[in-house]
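Worksheet for the structure shown next.
The values are calculated or read from the model by the stated rules, or taken from the named source; none is laboratory data. Nothing here was measured: the structure is a model prediction, and the numbers come from that model. Every residue, glycine as well, gets a Cβ built from its backbone with ideal geometry; the counts of neighbours run over all protein chains shown.
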Amino acid sequence: MADGALINQLLVDLHGTDRSKARHAAYRLASLSDERARAGLIEALHHSDNEIRATVITHIGKSGNTWAIQPIAQTLSDTSRHVRRMAVRALAAIGTEPVVAPVVAVLVGDENSYVRWEAAKALGTLGSEQAIPELLEALSADENSYVRYAAAESLGLIRSAAALDGLEYALLTDDSEFVRFSSAVALGQIGDASCMPSLIASLNTSNTHVWHAAAESMWAMGEASMQYVIEALLDKDPEIRKAGLKAVLWLSVGYDDDETERPDDDVYSMWGWWN
């Protein structure tokens, strides 16, 4: 049992206006198995200073205690975007299944893109397939490219084939090269060779980071990718045949990361006889 005088002083510091003292008090109180400490921390979630609210949320989350899920979830409607971000991060740190639903609600409903981005990242950390529909919605419809990027990244971490169609569409159509890149990486993490036609088609993009990510994902799939490469080489569309040839060059020769421009030169030197 913690010393009563110590808890009293920590609670005074926690509810005061000195941020340094409040930060230290939150850290100490969150480490204690004491009902008064717990009640004081929950009360401090309504502190007038948003920096102190955010600090309290952070330390409660780091404690990993499931009793904190409900009081932290209630702060997801806080007026401060910083507090809401820290609440999402704290729930992800607790990491149990009950935190998924409130984080999903933030992803689809928060007005601030920075907070939605934090929620998209957190859902990848949590790794729950429960979040796939909302992550796919964010990937296809969120106006902020960083949120879409994080959604694709998280779908790759979850590694479910249910995300394939959405990731393939993003890879081929999103107007952000960062989103296309993360979609290519995610497809490789899922490792389902049925996405190979989309990966092959993306090899024709002018952005080297995107096609390099697609090529690496193809490489990770090994022999399962070859039947799709052969089909691409025989396709009626010359652009698909060109992409298939790039795939052959990548899969059969391989290139270092600092030589990502080289396959384009090889393709164009060989394109005359292939087309």
Next on the checklist: Need pairs with beta-carbon distance below 8 Å; first residue closer than 15 Å to Glu43 by Cα and within the range 59-88, second among the β-branched types (Val, Ile, Thr) and exposed (fewer than 14 other Cβ atoms within 10 Å of the Cβ); sequence gap 6+ or separate chains.
Outcome noted: Ile69/Thr96
Checklist outcome for this item: Within the range 173-217, residues polar (S, T, N, Q), surrounded by 24 or more Cβ atoms within 10 Å (Cβ to Cβ) and closer than 24 Å to Ala120 by Cα come out as Ser182, Ser183, Ser217
Checklist entry - Restricting attention to the range 139-172, and to residues there that are of a type in the set (Ser, Thr, Tyr) and assigned to a helix (DSSP H, G or I), which single residue is surrounded by the most Cβ atoms within 10 Å (Cβ to Cβ)? => result Ser154
Checklist entry - Here are some residues: Ala184, Ala170, Ala161. Which one is out of contact with any Leu (no Cβ under 6 Å at 6 or more places or on another chain), at pLDDT 95 or above and among the hydrophobic types (A, V, I, L, M, F, W, C)? => result Ala161
Next on the checklist: Please determine whether any residue of the range 57-79 is buried (at least 16 other Cβ atoms within 10 Å of the Cβ) and touching a His at 6+ places or on another chain (Cβ under 8 Å).
Outcome noted: no
Item to check | Residue list for the range 35-80, restricted to those being closer than 22 Å to Glu111 by Cα and touching a Gly at 6+ places or on another chain (Cβ under 7 Å) | outcome: Ile72
Next on the checklist: Quick test for you: out of Leu11, Leu6, Leu107, pick the one residue that is assigned to a helix (DSSP H, G or I), under 24 Å from Glu137 (Cα atoms) and either in contact with a Lys or Arg (Cβ under 9 Å, 6 or more places away or on another chain) or without any contact (Cβ under 8 Å) to a residue 12 or more places away in the chain (or both).
Outcome noted: Leu107
